[in-house]
Amino acid sequence: MAKTATFGVMHVITAFSVTYAITGSVTVAGVVTFVEPLVNTVMHYFFERYWDHPRAQAVRARVAQATQQGVRQVSGSGRHFSTKARSIT
């Protein structure tokens, strides 16, 4: 719990600092600092609801399959990148 609370405080300080640096306005920085987490919470709710949707699952499966195929193509290219040598062998 302490880690979560510390991260929350760090997020608020970061949001305020970045917004103030960009706008130069304490008012705008304060509003953004407290509105952004509210919007983020609402967006997270919808993200969680959609994550298990069949269409979202299908997209994740296609991405995983394409990623695996890409890895096989790269690893099967015949080129070897060594961490010890500076050239491609």
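Worth pointing out:
- Extension gain, residue 52-residue 2: 0.36 nm per intervening residue step, less the Cα-Cα distance, totals 15.0 nm.
- Under the Karplus curve 6.51 cos²θ - 1.76 cosθ + 1.60, θ = phi - 60°, whole-Hz ³J(HN,Hα) for region 39-47, x wherever Gly or Pro sits: 5, 4, 5, 5, 4, 5, 4, 5, 4
- The portion of the accessible surface of region 5-53 made up by carbon and sulfur, rounded to a whole percent, is 77 (1.4 Å probe; DNA, RNA and ligands excluded).
The values are calculated or read from the model by the stated rules, or taken from the named source; none is laboratory data. Computed from a prediction, not measured in an experiment: that's the story for all the values here. Accessible surface areas use protein heavy atoms only, side chains included; no ligands, DNA or RNA. Shrake-Rupley method; radii C 1.70, N 1.55, O 1.52, S 1.80 Å.
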